[in-house]
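Trainee: What follows is a single structure, and I will ask about it in a moment.
A short reminder: the numbers here are calculations on the coordinates, not readings from a lab. Since the model is a prediction, treat every value here as computed from it, not as a measurement. Using ideal geometry, Cβ is built from the backbone for each residue, glycine included, and neighbour counts are taken over all protein chains shown.
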Amino acid sequence: VSSSIPKTGMIFFVGKSGCGKSTLLNLIGGLDQPTEGSIIINHQDISKISRKDLDLYRLKDVGFIFQDLNLIETLSIKDNIALSLELSGVHCDRQKIEEALKTVDLENYSNRMPNTLSGGERQRVAIARALIKSPQIILADEPTGSLDSETAKQIFSLLKQLSISNLVIIVSHDKEYADAYGDRVIELKDGRIVN
């Protein structure tokens, strides 16, 4: 795989299960290490930096939106969002949380618990949690996989807005959404870029 990606925009990796989409996302996010080659982000090869610097890269530069959301059910929405910043040693004030929630159209939701939210609302909380760090890159692994089509369109529209000032990379099986929302669609097959 050899490709260059711009600093902003909405990029989709598409392909069948097992083609390498999630692996590529995990490599860009610094969750996995490549066995060979380079991953250069902002003129720095993240495959060759120290473990400590890689942790800092993940904490500060990358916002993750996981398919299973990874919300902690026993924490309020504000505490789920604040945890993202607190892990990097930054205090998160209520105003910053409210701003993140406003961005995803969930004003006044900060004291609610995850189990009181719909699937689309939970996904928006996951997006707010990714945004709170002001990351350069937002990585989303099947962000609408468990949502109905109308809610999926709302989530993709929101991510599209965010891609104006951030790089949003999405892994998806759904080529239709990729073609509708992506600035660029990269198709993978058997670990290689085919289109």
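Trainee: Quick one: helix 149-162 against the long Cα principal axis of the chain, what's the angle to the nearest 10°, folded into 0 to 90?
Mentor: Computed tilt is about 80 degrees.
Trainee: A further question on this structure: If you take the beta carbon distance between Lys96 and Val1 as r and set R0 to 25 Å, what does 1/(1 + (r/R0)^6) give as a FRET efficiency, to the nearest 0.05?
Mentor: Working: r = 36 Å, r/R0 = 1.45.
Plugging the Cβ-Cβ distance into 1/(1 + (r/R0)^6) gives 0.10.
Trainee: Computed from these coordinates, which is Rg and Dmax of the Cα atoms in Å: (i) 17.6, 61; (ii) 19.5, 63; (iii) 16.4, 47?
Mentor: (iii)
Trainee: Which number gives the lysine pairs in the chain that have C-alpha atoms under 17 Å apart and are eight or more places apart or on different chains?
Mentor: Taking the chain as the scope, the lysine pair count is 19.
Trainee: Give the calculated FRET efficiency between Glu176 and Asn70 to the nearest 0.05, with a Förster radius of 22 Å applied to their Cβ-Cβ distance.
Mentor: 0.25
Trainee: Please go through the stretch 25-130 and write out the GluC sites (Glu not before Pro) that DSSP classes as loop and that have at most 12 other C-beta atoms within 10 Å.
Mentor: Glu36, Glu73, Glu107
Trainee: Which trypsin sites (Lys or Arg not before Pro) from the stretch 37-104 combine a DSSP loop assignment with at most 14 other Cβ atoms within 10 Å?
Mentor: Loop-located and lightly packed - Lys48.
Trainee: Nearest 10 degrees, 0 to 90: what angle lies between the long axis of helix 51-60 and the longest principal axis of the chain (Cα atoms)?
Mentor: 50
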